[in-house]
Number of protein chains: 2
Amino acid sequence: MDADIITIGDEILIGQIIDTNSAWIAQKLNAEGINIRQITSISDHPEHIIAALKDSGEKSSLVLITGGLGPTRDDLTKSALCTYFGTHLVENPEVLEHITQLLTPRGISINSLNREQALVPEKATVLHNKLGTAPGLWFSEKGKIYVFMPGVPFEMKYLVDNEVIPRVRKLFNTPVILHRTVLTQGLAESTLAEKIEVWEDNLPESLKLAYLPSPQNVRLRLTARGENEDKLLKLLDQKIKALNELIPENIFGYDDDTMAGNVGKLLYNNGQTLSVAESCTGGNIAHFLTLNPGSSAYFKGGIVAYSNELKVKLLGVNPHLIAENGAVSKEVAEAMALGARQAMNTDYSIATTGIAGPDGGTEEKPVGTIWIAIAGPNTLISKRFTFANNRERTIIRSTQTALNLLRLELLKSSSKGK
Amino acid sequence: MDADIITIGDEILIGQIIDTNSAWIAQKLNAEGINIRQITSISDHPEHIIAALKDSGEKSSLVLITGGLGPTRDDLTKSALCTYFGTHLVENPEVLEHITQLLTPRGISINSLNREQALVPEKATVLHNKLGTAPGLWFSEKGKIYVFMPGVPFEMKYLVDNEVIPRVRKLFNTPVILHRTVLTQGLAESTLAEKIEVWEDNLPESLKLAYLPSPQNVRLRLTARGENEDKLLKLLDQKIKALNELIPENIFGYDDDTMAGNVGKLLYNNGQTLSVAESCTGGNIAHFLTLNPGSSAYFKGGIVAYSNELKVKLLGVNPHLIAENGAVSKEVAEAMALGARQAMNTDYSIATTGIAGPDGGTEEKPVGTIWIAIAGPNTLISKRFTFANNRERTIIRSTQTALNLLRLELLKSSSKGK
């Protein structure tokens, strides 16, 4: 069964915001076995809205629309809906009551903009939006379903999870589609493709492989389609096991795993703690680690020693090391890691020092040169990397690479302990 | 003049990756006075590609297509192109030579996948992709222009900037469209709308206003359209000046400004330095600050004191303060700020301590409770905030709110000094 997603709003067309809603909705519907045929972003001109509804309604059974509803600009969308579905606006007392209840405790008084949000097309089923003032609208028209939701992500997500998915499950009967994504680090797309070529060529008809490269890693997505969920799951497990034997060091996780999250799990399971000493990554390793709920169980803290003065003062780096080798060097990276481990009293530590750019490079140490060191109970390693001349990407790649180095160390030390 | 953007690839339709390319292209074309009519994401099925090319080619003069070209999956796209444009593939010696030159120094040997990338449709003008192996392809067909580019963002961006925009400028004659975005912090969308209602109602025909809310702020986008660039610029300046008088404390920047970048500029201009002491924000304030090139001129470093032990050891917080008031308190936030300023020897410091969640909340201090403190040469302030129960959003909002508090302090102290 096919679905279309339409996002309404000039902000996407002029590139002011990135459409993250569509990806989120697509994932949710896929998990329900619904295939997304097309995602379309359009302006809020009524004639464009109507043309898009017509096109999607002809080709898909379910059309999900976000945006164009909200306190400041929902008039155009609603009048387009009324034209398309041949209906008119009526005030909905439950919606008005809900808006009042939502805004009053925040000290906001109802204004005419809020009041207009309580006007809904008469033919629509109103979907209760617990988290916001604009309700969702559900239309069933000539065998097709159209669902309108506000564009604010957390309101849209609430509506999809609590109002849309339960209704869709009741209405449609769908095939089994399973996705599994294998997360790899440290291999370029074409090198990876060559390493796994034979494995890939022997995948059965029911499995489809896609390469998804990004600055920090290459993800491999396997899609299984069929009738029997157990059989598909077994097939996926078997193929992924074989893949693991081909590139054991490069696979760091699956699906929604993150490098920082998986490093955290290893530390948590070992009952070990971590600290970081960051120069060029500027706090991003600490940030990635602390995005994970419960990270305080293993992450004690970090020192962002952006200036050399603080490398000496807070991490105990010998100033002669900096004078002799430069701040971006094996010696300083290792001294930072040892200093962090001691200052913050942890089992492991990560240190980074490098030239994120755009300035500061030399011939010997061009922009993108990064030293990463890992210190642990029985280990001190360091490694030099050269990333591209793009500040943000270098910060992200350095972060991921540093965490992967720690991950491999943690795996090594656990297997030694066994 | 209208343009369409088409992105090809299942990874967007199944929600695996977020389409950031389209927003970037849209911004670039807008700056050239080209209006984006529609953005469409489709699968790599040849019939879907052909249908989308047909639809966009009928409605817009320029169609930009990304994705579907790359070492592992460009066959389908290229064969669809050949069908649509009535042409066939030929090996392009320059492209093959470029691929060889690109991969050899990386120690990668040319394989059959790479070699296939040197096959291009005979009718196409090849756009040289300096940064990658897949070339761009430019078709001029029945008065319409179609441009195919790889989906890897930095390769696509290189092609747009260096190959596409210069050609588009030569070919098309376009009206003047100017965008100015006003960045606000600290007001909800509907409150903001009410505060500026009269100003908004008096905007002339040639100006269009849009509200763009996000978790950390509400942006106001003004779009001016006309013939005379100077007149439009003057009109925009005048209206934005009037807006500034209505909400002076809430406007922190314009267009691509970031809160962290603007705080950095103020510090730089004052010749002052900053350090941070982060608990709940976990390194994100340091990360936002160090994303800015040149931040080492004013940002000396930070201490992520995630554990209470490190709040005491590295920031000199009196353990009795933590025992008596809890780590999330006015007293501890202020002690952290004072400790950071002293330990890192800076003019200003920011401290955060809070409950980012999802666990750890109490009735008195629910999840989302954050204390922020700012210490400076003549100032020590602190403020309590309550954000929503969403870990990532709370981290981002705390970061932005803390930086805005510092910004207002910096402005206050500069105006005192005058």
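Bear in mind that the values in this text are calculations on the coordinates, not laboratory data. Note that the structure is a prediction, hence the values are computed from the model and not measured. We place every Cβ from the backbone using ideal geometry, glycine too, and count neighbours over all the protein chains shown.
Values computed for the structure shown
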{"item": "Between 0 and 90°, nearest 10: helix B:259-270 axis offset from chain B longest Cα axis", "result": "60"}
{"item": "Rounded to 5, percent antiparallel among DSSP beta bridges of chain B", "result": "60"}
{"item": "Longest to shortest principal axis, alpha-carbon extents of the protein assembly as shown, angstrom", "result": "69, 66, 58"}
{"item": "Average beta carbon contacts from partner chains per residue of A:109-115, 10 Å cutoff", "result": "3"}
{"item": "Positive dipole terminus of chain B, leading residue within B:ASN389, B:ILE49, B:GLY339 (C-beta point charges)", "result": "B:GLY339"}
{"item": "Ascending list, in nanometres, of distances separating the A:LEU380 label from those of the other copies (7 Å, Cα toward Cβ)", "result": "3.9"}
{"item": "Sparsely packed GluC sites (Glu not before Pro) within segment B:310-418, loop by DSSP, other Cβ within 10 Å at most 15", "result": "B:GLU363, B:GLU364"}
{"item": "Of every Cα-Cα pair in chain A, the percent that sits beyond 37 Å", "result": "43"}
{"item": "Cβ-vector label at 7 Å, B:ASN202, separations to other copies in nm", "result": "7.7"}
{"item": "Alpha-carbon centroids, segment A:361-394 and segment A:164-181: separation in whole Å", "result": "45"}
{"item": "Residue and distance (whole Å) for the chain A Cβ nearest the axis that superposes A on B", "result": "A:GLY283, 2"}
{"item": "Test item: B:187-195 mean partner chain Cβ contacts at 10 Å", "result": "5"}
{"item": "Other copies of B:ASP161: label-to-label distances in nm, shortest first, labels 7 Å along the beta-carbon direction", "result": "3.9"}
{"item": "Under 17 Å from the Cα of A:LYS231 - lysines, other chains or at least 8 residues apart", "result": "A:LYS208, A:LYS239, A:LYS241"}
{"item": "Degrees, to the nearest 10: B:75-85 long Cα axis against longest axis of chain B", "result": "60"}
{"item": "Spatial separation of Cα centroids for segment A:1-27 and segment A:35-62, in angstrom", "result": "11"}
{"item": "GluC sites (Glu not before Pro) lying in DSSP loop within segment A:229-298, provided at most 16 other Cβ fall within 10 Å", "result": "A:GLU249"}
{"item": "Over segment A:2-171, equivalent-ellipsoid semi-axes from the Cα gyration tensor in Å", "result": "24, 17, 17"}
{"item": "Loop sites in segment A:136-175: trypsin sites (Lys or Arg not before Pro), DSSP, at most 10 other Cβ within 10 Å", "result": "A:LYS142"}
{"item": "P(r) weight above 25 Å for segment A:259-417, C-alpha pairs, percent", "result": "23"}
{"item": "Average beta carbon contacts from partner chains per residue of B:30-42, 10 Å cutoff", "result": "5"}
{"item": "Long pairs among A:LYS54/B:LYS28; B:LYS130/B:LYS157; A:LYS313/B:LYS311; A:LYS195/B:LYS78; B:LYS142/B:LYS170; A:LYS313/B:LYS412, criterion Cα-Cα beyond 23 Å", "result": "A:LYS54/B:LYS28; A:LYS195/B:LYS78; A:LYS313/B:LYS412"}
{"item": "Sorted by Cβ density within 10 Å, fewest first, the residues B:GLU11, B:GLU197, A:GLU155", "result": "B:GLU197, A:GLU155, B:GLU11"}
{"item": "Neighbourhood charge, 14 Å Cβ-Cβ cut-off, centred on A:GLN27 and excluding it, Lys, Arg +1 and Asp, Glu -1", "result": "-3"}
{"item": "Between 0 and 90°, nearest 10: helix A:93-103 axis offset from chain A longest Cα axis", "result": "30"}
{"item": "Kirkwood hydrodynamic radius over Cα pairs of segment A:111-262, then Stokes diffusion coefficient at 10 °C and 1.306 mPa s, in µm²/s", "result": "83"}
